[in-house]
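Derivation of every value follows stated rules applied to the coordinates shown; laboratory data play no part. Nothing here was measured: the structure is a model prediction, and the numbers come from that model. So basically every Cβ, Gly included, is an ideal-geometry build from the backbone, and we count neighbours across all protein chains shown.
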Amino acid sequence: MLKKVDRMIEYENLKKVNAEFEREFRESFDLFLQSGSYILDKEVEKFESNFSSYNKSRYCIGVGNGTDALTLALKAADLQAGDEVIVPSNTYIAPILSVINLGLRPVFVEPDIRTYTIDPEKIKKNISPASKAIIAVHLYGKPCQMEEIVRICNENKLALIEDCAQAHGAEYHGQKVGNFGIGAFSFYPTKNLGALGDAGGLTCNDFRMKEKLRALRNYGAVEKNRHEYVGYNSRLDEIQARFLNIKLKSLDKINQHKKKLAAIYLESLQGDFILPVVQKNIDDVFHIFAIRHEQRDKLRAFLLKNGVNTAIHYPVPPHLQPCMKGLTEGEFPISEKIHETILSLPISYGHSVKDIETVCKVLNRF
């Protein structure tokens, strides 16, 4: 008989996640105050160098947040109003909003029901003369099938943008995500590499693209008061760059911890839970550990009653959001099925092995 849980296992506790970094954060913040330098200075340059080195990318461009990173990537691809961008039907809404806000047309493509990432075979069926780009979202920390997606882009002359917001450090056949096309990263506080506020970045391997992205983030200026492009104000703050530089040194450790917790789930859970699929040569960093169950809402209530808090990523697919009315076409039953049955279990850097073993016991009791 399972003993009653005497404390709540939270889904996420950012104070716990950042506890080991607090002393360095405070010391760095004092240096930040003394520097008198707040935006796009030495710490941003240092982070850009450190992150590009970590990601094995030639260049990194720090920006305000992950959604801006996607918008700037699309802008840099020189798409025209009305051009079609292929996007997954199963994703967070951010990449869809980036497409629409630039006057582009999103074309939804269903995911592979096993991986939850966009299905390359279905991409092929949705390419038209108006198709100009693909956004591949490495959802939950699992890389997409990049070999096939790159082939499709090359054959059809499509720009490739990778939404790496949930996949810092993830690899496809030994290559880190963000190196197959333009990589767009979010460093929102809950990410595997999380800042203490909004922050984002872009990776690329082409010098001219790097220069263009650097200009676009700063009012389109190639140099002070010379505006080559219609740009944006999306600059990474020095203070967030400082925090990210501190945490980046521990990113592999963070990822390994989450993989260790994921392994406990994968080995311990019994019954009719649909677990994340493990694939050869695809290194998943488990930003989110998502299971599926036909009685998702009943399961979630049971877990909460027994001291386990969970989350849903995401309860409503993009095409059914109120703001999408009149902007999308087609039916997307696979995406809807996923969103109706998906449940995110605790798997943060702030959780212990004991926490996850307790969650497994409660789940197996259900």
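Quick notes
- The label point for ASN156 and the one for PHE25, both projected 7 Å from the Cα toward the Cβ, are 4.3 nm apart.
- LEU304-GLU228 FRET efficiency (beta carbon distance; Förster radius 45 Å; 0.05 resolution): 0.25
- Sorting the segments 239-250, 215-226 by their residues' average number of neighbouring beta-carbon atoms within 10 angstrom, most packed first, yields 239-250, 215-226.
- Near ILE39, the amide H atoms lying under 5 Å from its own belong to GLU238; only residues 5 or more places off or on other chains count, and H is placed 1.01 Å from N.
- Members of LYS56/LYS212; LYS42/LYS191; LYS259/LYS354; LYS46/LYS259; LYS75/LYS125; LYS46/LYS247 lying beyond 18 Å, as alpha-carbon distances in this model show: LYS56/LYS212; LYS42/LYS191; LYS46/LYS259; LYS75/LYS125
- Bridge type composition, segment 18-248 - antiparallel percent by DSSP, nearest 5: 50
- Share of pairwise Cα separations in segment 250-365, more than 16 Å, in percent: 64
- Distance distribution note for the chain: the fraction of Cα pairs above 30 angstrom is 39%.
- Environment charge of TYR219, counting only residues whose C-beta is closer than 15 Å and scoring Lys/Arg +1, Asp/Glu -1: +3
- Estimated inter-spin distance, LYS56 and SER352, nm [label 7 Å along Cα→Cβ]: 3.6
- Reachable aspartates and glutamates from LYS337, criterion Cα separation under 13 angstrom, eight or more residues apart if same chain: GLU110, ASP112, GLU294
- Too-long pairs where the Cα-Cα distance tops 31 Å, listed order kept, from LYS122/LYS361; LYS122/LYS176; LYS260/LYS325; LYS253/LYS280; LYS122/LYS249: LYS122/LYS361; LYS260/LYS325; LYS122/LYS249
- FRET efficiency, 1/(1 + (r/R0)^6) with R0 41 Å, evaluated for GLN80 and LYS16 via beta carbons: 0.30
- Local net charge near ASP68, Cβ-Cβ under 12 Å (Lys/Arg +1, Asp/Glu -1): +2
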